[in-house]
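K.L.:
The following block contains the structure, expressed as structure tokens.
The values are calculated or read from the model by the stated rules, or taken from the named source; none is laboratory data. Just so we're clear, the structure is a prediction, and the values are computed from it rather than from any experiment. Please note: Cβ atoms are built from the backbone with ideal geometry, for glycine as well, and neighbour counts cover all protein chains shown.
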Amino acid sequence: MPSASPVLLRPDLEEVAARLRAVIGESAVIDDPAEAYAGDAAVRAPVGTRFLLVRPADTAGVQAVLRLAHETGTVVVPRGAGSGLSGGAVPADGAIVLSLERLTAIREIDLLDEVAVVEAGVITADLSAALAPHGVFYAPDPASARLSTIGGNIATNAGGLHCAKYGVTRESVLALEAVLPDGTLLRTGHRAIKGVTGLDLTQLLIGSEGTLAVVTAATVRIRPLPVARRTVLARFRTVGAAADGVGAISRSPVRPAATELLDASTLRDIDRSTGSDLARRDSAILLLELDGYGIEEQTADLTAVLAAAGAEVRAIEDESEAEHLWELRRSGRGARADLLRLGEDVAVPKSRLAEIFDEISAIGERHGVDTSAVAHAGDGNLHPCLALPRGEHDGEELPAPILAAADELVRAALALGGTISGEHGIGTAKRGWLDLELSSPSRDLQGRLKDAFDPHHLLNPGKAL
């Protein structure tokens, strides 16, 4: 929605706005939201979409919003930082966009129980910064950690670089405070590590993309900071050889905290956007991080494994150089005004990495699309990029060859035993592929769960399910 020419709210939404102002305050209700709230980092609402932005300051405010929405039959779209890539926070016409950005309290840090209680609007990197002086950290680290919120991470079950060792978001969440669509406050889970009472509603809500309830706070696990870290750079002649190198690590006793695979095209893109010097012809690299005790022994064992797999291996002793390499990895491929690009998110079993890289290359050739890929190789999650020159497809949002290549890529991942989304979620972007992965009984059961939580389908309708 262009901020220069705001679209008028329809009369019933104006009434909702007035009633909300009376309950949660004038400043919390915005009927002319900024353009940024009209979507996430990848998907935007159609121009002219009318919505009301509401920014409550606490859980009670969230309850008030949902109670009124339930009473008036108003759709509610929960929103974190808007850093998602699947359209999960895109507003529907006439909806309330419920932003959790003001719920930013870290309520508790308990070193004995090894938990922190944090509100949904806490930025992931801010939580890490708050924990560091206590000698602990929160393990999930999506690439968007400097932007994304804990609530958004929970909504999509976000991943990151260290998932292979420490797990995705669901492995670090013990309990939730959430609000149901009718405004009822729900507390799930427990503070103890163990607990098997009743059905596990905590795990059901994690990854549900705001379609069942609005998470307002979470009890998360915290872990001791590793006593040491070491970065290792391994260069292979081909991306297939690098994928085989991941298999060699899996057969060894070494378990890196992070294992990132970057193909030749990705390395060239990073060099072009940052001025770095990573690319060498058609080689690919594994960028790895070891952590914990016995770092020298781990480094020696990993170096031997990678060298035996045909890699040119270098352990990075200088911490500033290591951090620079990881910053290059996090920076991504860089913006290209001359290209139309689609970033994908699929996952396959680690044993099939070499095959999916072969498929990506073949799919690109068949459709005349440039391809590149980076992978969280330690858990088989890939982020392929499909691109075409903008000049040849002027006026097209995403040209047909890119869309056809994306469809074939998703189907290839499924054929290899994988999934249509490794960590970005379904949102609106991937709904068309759900029936390829989920059986009819599974889809039916999930629909009935949606009905049980949200019988009027007011909470983020049209997303995820």
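K.L.:
Scan region 104-127 residue by residue and report those that are out of contact with any His (no Cβ under 8 Å at 6 or more places or on another chain) and either over 24 Å from VAL214 (Cβ atoms) or acidic (Asp, Glu) (or both).
P.N.:
GLU108, ASP110, LEU112, ASP113, GLU114, GLU119, ASP126
K.L.:
Go through the residues of region 448-465 one by one and say whether even a single one is free of Cβ contacts under 8 Å to residues at least 12 places away in the same chain, of a type in the set (Lys, Arg) and within 30 Å of ASP182 (Cα to Cα).
P.N.:
So far as region 448-465 goes, yes, one or more of its residues are free of Cβ contacts under 8 Å to residues at least 12 places away in the same chain, of a type in the set (Lys, Arg) and within 30 Å of ASP182 (Cα to Cα).
K.L.:
I'm trying to understand the selection: among the residues of region 279-298, which are closer than 17 Å to ALA243 by Cα and surrounded by fewer than 16 Cβ atoms within 10 Å (Cβ to Cβ)?
P.N.:
ASP282, the sole residue that qualifies.
K.L.:
Somewhere in region 88-107, is a residue farther than 28 Å from ALA22 by Cα and in contact (Cβ under 8 Å) with a residue 60 or more places away in the chain?
P.N.:
Yes, there is a match, as at least one residue in region 88-107 is farther than 28 Å from ALA22 by Cα and in contact (Cβ under 8 Å) with a residue 60 or more places away in the chain.
K.L.:
Hey, can you tell me all the residues within region 250-268 that are buried (at least 24 other Cβ atoms within 10 Å of the Cβ), of a type outside the set (Gly, Ala, Ser) and not in a loop (DSSP other than H, G, I, E, B)?
P.N.:
Within region 250-268, THR259, LEU261, LEU262, THR266, LEU267 qualify.
K.L.:
Next up: Tell me which of these THR59 doesn't satisfy, since it passes every other one: (1) in contact with a helix residue (DSSP H, G or I) (Cβ under 7 Å, 6 or more places away or on another chain); (2) closer than 19 Å to ALA218 by Cα; (3) among the β-branched types (Val, Ile, Thr).
P.N.:
Result: THR59 fails condition (1) only.
K.L.:
Check GLU423 against each of (1) part of a helix (DSSP H, G or I); (2) in contact (Cβ under 8 Å) with a residue 60 or more places away in the chain and name the one condition it does not meet.
P.N.:
Evaluating GLU423 over (1) part of a helix (DSSP H, G or I); (2) in contact (Cβ under 8 Å) with a residue 60 or more places away in the chain leaves (1) as the failure.
K.L.:
Out of the residues in region 184-203 that are surrounded by 13 or more Cβ atoms within 10 Å (Cβ to Cβ) and of a type in the set (A, V, I, L, M), state the one that is nearest to ILE154 (Cα to Cα).
P.N.:
So, considering only residues that are surrounded by 13 or more Cβ atoms within 10 Å (Cβ to Cβ) and of a type in the set (A, V, I, L, M), the one nearest to ILE154 (Cα to Cα) is LEU201.
K.L.:
Still on this structure, I have one more. Which strands (runs of 3 or more DSSP E) sit wholly inside region 145-232 and have at least 3 residues that are β-branched (Val, Ile, Thr) and in the same structural domain as LEU127 (by TED's automatic domain parsing)?
P.N.:
Correct list: 214-221.
K.L.:
Return the residues of region 146-161 that are buried (at least 22 other Cβ atoms within 10 Å of the Cβ) and on the phi < 0 side of the Ramachandran plot; say none if nothing qualifies.
P.N.:
Within region 146-161, SER148, THR149, ILE150, GLY151, GLY152, ASN153, ILE154, ALA155, THR156, ALA158, GLY159, LEU161 qualify.
K.L.:
Only one residue in LEU388, LEU339 is touching a Leu at 6+ places or on another chain (Cβ under 6 Å) and either surrounded by 15 or more Cβ atoms within 10 Å (Cβ to Cβ) or at pLDDT 95 or above (or both), so which one is that?
P.N.:
LEU388
K.L.:
Considering (1) surrounded by 22 or more Cβ atoms within 10 Å (Cβ to Cβ); (2) modelled with pLDDT of 95 or more; (3) hydrophobic (A, V, I, L, M, F, W, C), say which one ALA175 fails and leave the rest.
P.N.:
Unmet condition: (1).
K.L.:
If I ask for residues that are modelled with pLDDT under 95 and surrounded by fewer than 18 Cβ atoms within 10 Å (Cβ to Cβ), which ones from region 28-40 would you list?
P.N.:
ASP32, ALA34, GLU35, ALA36
K.L.:
Sticking with this structure for a sec: Kindly list the number of the only condition in (1) over 19 Å from LEU185 (Cα atoms); (2) out of contact with any Phe, Trp or Tyr (no Cβ under 7 Å at 6 or more places or on another chain); (3) outside the structural domain of HIS134 (by TED's automatic domain parsing); (4) in a loop (DSSP other than H, G, I, E, B) that fails for TYR37.
P.N.:
The failed condition is (4).
K.L.:
Okay, moving on. Is it the case that region 82-97 has a residue that's outside the structural domain of GLU35 (by TED's automatic domain parsing), buried (at least 24 other Cβ atoms within 10 Å of the Cβ), of a type outside the set (Lys, Arg) and assigned to a loop (DSSP other than H, G, I, E, B)?
P.N.:
no
K.L.:
All but one of (1) more than 19 Å from ALA248 (Cα to Cα); (2) modelled with pLDDT of 95 or more hold for GLU355; which doesn't?
P.N.:
Status for GLU355: all satisfied but (1).
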